[in-house]
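In what follows, a single structure is set out as structure tokens and then discussed.
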């Protein structure tokens, strides 16, 4: 297997205590409310994310992306893995208390596989732009939850 390379990293704060931040984001099927590049999410089993969750994102433009949770450590971290052609894409979601009412989220996207340096970089450019648009929406959603 080829070396895993980091493609995208975003760190940001949300106005929520650690457990609340986790619980809200673990409702993956609700992500289209803030991540407008996602049309819908199908999660199995339905409901909050678990260590056995598998799912499929239906993205704008007709793209579909499947994933499977491989690491699950509530309320600190989950990692899911998907595939893009010959590239395995690792989506890491880290939760860290900043203070009692703020949580730092760190999202890391990494890839391995034969085309991870070429196809992965193209994917990273598109995915990074989508995240940059979605993160302020997510932060606003947390603020609205109060």
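Bear in mind these aren't lab numbers, they're just calculated from the coordinates by the rules spelled out. Everything numeric here is computed off the predicted structure, so don't read it as measured data. A quick note on method: Cβ atoms are made from the backbone with ideal geometry, for glycine too, and the neighbour counts reach across all protein chains shown.
General remarks:
- One Cα centroid belongs to the stretch 3-29, the other to the stretch 41-75; the line between them spans 14 Å.
- Virtual spin-label span in nm between residue 98 and residue 20, 7 Å along Cα→Cβ: 1.4
- Once percent of Cα pairs over 25 Å apart is calculated for the structure shown, the corresponding label among (i) 24; (ii) 20; (iii) 42 turns out to be (i).
- Relative to the longest principal axis of the Cα atoms of the chain, the long axis of helix 119-145 makes an angle of roughly 10 degrees.
- Fully extending the segment from residue 13 to residue 44 would add 8.3 nm, taking 0.36 nm per residue of separation and subtracting the current Cα-Cα distance.
- Spin-label proximity, residue 85 to the stretch 96-123 - amide N less than 18 Å from point 7 Å beyond Cα toward beta carbon: 110-123
- Ordering 53, 65, 33 from the fewest to the most neighbouring beta carbons within 10 Å gives 33, 65, 53.
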